[in-house]
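The values are calculated or read from the model by the stated rules, or taken from the named source; none is laboratory data. Note that this is a predicted model, so its numbers are computed, not measured. Cβ placement follows ideal geometry from the backbone for every residue including glycine, while neighbour counts extend to all protein chains displayed. Protein only, heavy atoms only, side chains kept; ligands, DNA and RNA dropped before computing areas. Shrake-Rupley method; radii C 1.70, N 1.55, O 1.52, S 1.80 Å.
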Protein chains: 6
Amino acid sequence: MAKDLNEFKAYREKMNKIIVESGNLDLKRFFALDSAVYREGALDPKTKELLGLVASTVLRCDDCIIYHIDRCIEEGMTAEEFQEVMGIALVVGGSIAIPHVRTAFEMFETIRAR
Amino acid sequence: MAKDLNEFKAYREKMNKIIVESGNLDLKRFFALDSAVYREGALDPKTKELLGLVASTVLRCDDCIIYHIDRCIEEGMTAEEFQEVMGIALVVGGSIAIPHVRTAFEMFETIRAR
Amino acid sequence: MAKDLNEFKAYREKMNKIIVESGNLDLKRFFALDSAVYREGALDPKTKELLGLVASTVLRCDDCIIYHIDRCIEEGMTAEEFQEVMGIALVVGGSIAIPHVRTAFEMFETIRAR
Amino acid sequence: MAKDLNEFKAYREKMNKIIVESGNLDLKRFFALDSAVYREGALDPKTKELLGLVASTVLRCDDCIIYHIDRCIEEGMTAEEFQEVMGIALVVGGSIAIPHVRTAFEMFETIRAR
Amino acid sequence: MAKDLNEFKAYREKMNKIIVESGNLDLKRFFALDSAVYREGALDPKTKELLGLVASTVLRCDDCIIYHIDRCIEEGMTAEEFQEVMGIALVVGGSIAIPHVRTAFEMFETIRAR
Amino acid sequence: MAKDLNEFKAYREKMNKIIVESGNLDLKRFFALDSAVYREGALDPKTKELLGLVASTVLRCDDCIIYHIDRCIEEGMTAEEFQEVMGIALVVGGSIAIPHVRTAFEMFETIRAR
């Protein structure tokens with residue numbers, strides 16, 4: 001029932017390019033900043049991606065969840081770690097986040113099976 | 001335009017099972033608690049389901065709305081009662097909730113017509 | 001630590017009057033509608049106030065919580081009923097609602113002790 | 001990937017009619033008020049529609065965004081103005097609004113190309 | 001009942017300086033961007049501040065509302081224009097925004113009386 | 001301008017006790033679960049507290065931010081780590097989170113100075 005991953009990635013890529021190349025500098029700067037905050041620093045990229053995942057889940061944004069799960073898996077997140085992030089997100093964000101936890105579990109399996 | 005009800009129910013069932021049986025006890029406990037709070041107590045199940053419906057609508061969660069409308073109808077919610085819950089949800093949550101009120105009205109008719 | 005109830009009521013009254021009498025008809029109509037949806041209809045006023053209370057709690061609005069607890073108590077809400085509404089609000093809205101549940105419990109005791 | 005515009009408009013029209021004609025006066029009044037606040041007043045309709053667009057974007061409501069972009073274009077919003085509204089929405093609402101900014105850019109092009 | 005305006009401004013100034021000078025470049029860049037999006041462009045500063053005000057109100061952020069009302073008044077917003085922005089915010093955001101509309105009206109009078 | 005830390009802790013303690021001992025089992029279970037998800041597991045307590053902090057900041061809950069900053073410092077969070085968490089929270093949650101980032105910076109200094 002969740003989105004097709006490849007179709008979603010292609011759409012995101014295409015639209016982000018249109019936004020960033022629209023000529024509006026502030027939009028371009030925002031997207032640059034959105035990449036910068038997840039780069040290696042005092043915290044390693046894996047921890048930062050887990051932070052992005054939990055924030056996306058409590059704010060209930062499916063597209064953001066899919067993006068960060070993909071990145072978290074690249075950074076080595078295990079199934080147990082994923083479940084614990086979801087546990088915190090559910091308790092903090094409440095049952096209203098359950099549909100997004102469903103998306104997250106489905107995407108976690110889909111991406112790991114690639 | 002809204003989701004197919006049977007497909008949605010099958011997906012929800014399947015994913016909830018995966019989450020609850022993942023081995024993470026906290027996730028299992030959260031789902032148990034999510035059932036417990038709607039059980040008969042000082043308040044009857046119908047009132048509790050109306051509370052779940054209004055909370056889902058102001059928080060703008062279509063999947064949650066569909067679930068609670070289904071349960072509210074099982075508990076005997078009439079069309080007039082449904083409309084009054086939606087009236088409160090709209091005034092409290094604002095026009096931003098209108099797309100979800102549309103889902104609710106469509107689902108109310110769909111479920112009652114079964 | 002919560003607000004002084006009488007001071008809060010006086011402030012709310014004073015400011016609502018200023019808003020409603022500002023000369024903007026749409027503001028006046030919104031406030032009229034905000035009263036209308038809680039009036040006796042297919043659902044009784046007590047149930048409607050419980051709906052207002054749960055919606056205010058999951059949306060995390062202390063001022064709205066205080067208003068609806070006051071009205072719920074006028075309509076005869078018991079301690080057990082209050083706790084069950086809070087249970088649903090906590091599970092739906094998550095731990096992020098806990099500070100507002102604390103306000104609600106404090107206000108419930110304060111208003112009942114008057 | 002975004003919704004089909006004509007299908008969406010037909011669905012919205014149909015469901016709004018059902019809601020407004022349900023017999024519940026408060027629902028009808030809310031919809032009337034939702035039209036009234038965007039009418040010419042001290043502020044012109046274009047400015048009001050821009051306000052509706054930015055509010056819809058920070059509240060992350062795709063259906064509301066599509067509606068207001070359509071109206072903004074009718075009122076003469078240019079590409080540069082649209083991008084500046086999106087810039088404010090992104091900074092105020094954060095990266096969690098990005099998926100909705102993608103919808104907005106796609107719909108802006110779609111509607112202008114009609 | 002609302003915050004003391006001068007005390008609030010001094011606190012905001014002091015804390016923003018601490019954040020921007022903390023040594024973290026991304027925080028500094030975000031604050032720079034937060035100023036940039038309200039500067040004159042295709043839209044004039046007054047319209048942009050009205051956009052900031054409506055976004056702050058529907059997102060229910062008192063501190064942000066106070067900041068933007070101050071700026072809107074500097075840009076020449078009249079009482080009628082202010083009321084119309086509040087009307088849109090109330091209809092879009094719902095009664096849950098009423099406490100913040102009260103803050104806005106009080107601050108509007110306070111700042112205009114300086 | 002932020003809350004007095006000791007007063008806040010005493011209030012939180014007192015009210016949590018009242019809620020947990022109210023006799024409603026579901027409320028008690030929710031609070032137990034709210035402790036459980038932050039305990040050592042596949043992820044260490046420090047990472048889990050960082051997750052709690054970023055979630056509290058994007059959801060804009062001052063009381064939750066204060067609680068998690070206190071715990072994060074106990075778990076050894078450095079100033080640089082704290083700033084990076086705030087950077088992610090600001091970019092994800094937007095400028096609407098700035099007032100809460102101000103609270104966080106003030107509390108970070110206050111708690112570290114004890």
Since A:Phe8 meets every condition but one in (1) more than 8 Å from every other protein chain (Cβ to nearest Cβ); (2) open to solvent by less than 10 Å² (accessible area, probe 1.4 Å); (3) at pLDDT below 95, which condition does it not meet?
(1)
Complete set of residues in segment D:53-97 that are within 29 Å of B:Thr103 (Cα to Cα), polar (S, T, N, Q) and facing another protein chain (nearest Cβ under 8 Å)
D:Ser56, D:Ser95
In the set A:Glu40, A:Glu49, the lone residue that is surrounded by fewer than 21 Cβ atoms within 10 Å (Cβ to Cβ), modelled with pLDDT of 95 or more and either more than 7 Å from every other protein chain (Cβ to nearest Cβ) or farther than 21 Å from F:Ser56 by Cβ (or both) is A:Glu40
Using beta carbons and a limit of 7 Å, which pairs, at least six apart or on different chains, have the first residue in segment E:16-37 and free of Cβ contacts under 8 Å to residues at least 40 places away in the same chain and facing chain F (nearest Cβ under 9 Å) and the second one assigned to a loop (DSSP other than H, G, I, E, B) and open to solvent by less than 70 Å² (accessible area, probe 1.4 Å)?
E:Asp26/A:Val37
Out of all the residues in segment F:79-95, which are β-branched (Val, Ile, Thr) and either modelled with pLDDT under 95 or out of contact with any Ser or Thr (no Cβ under 7 Å at 6 or more places or on another chain) (or both)?
F:Val85, F:Ile88
Pick out the one residue from C:Ala89, C:Ala104 that is closer than 17 Å to F:Lys17 by Cα, assigned to a helix (DSSP H, G or I) and within 16 Å of the chain's Cα centre (by Cα).
C:Ala104
Within segment B:98-113, can you find the residues that are more than 7 Å from every other protein chain (Cβ to nearest Cβ) and either open to solvent by 10 Å² or more (accessible area, probe 1.4 Å) or closer than 25 Å to D:His100 by Cβ (or both)?
B:Ile98, B:His100, B:Thr103, B:Ala104, B:Met107, B:Glu109, B:Thr110, B:Arg112, B:Ala113
Every residue in segment B:1-46 that is in contact with an Asp or Glu (Cβ under 8 Å, 6 or more places away or on another chain), small (Gly, Ala, Ser) and within 29 Å of B:Glu109 (Cβ to Cβ), please.
B:Ala2
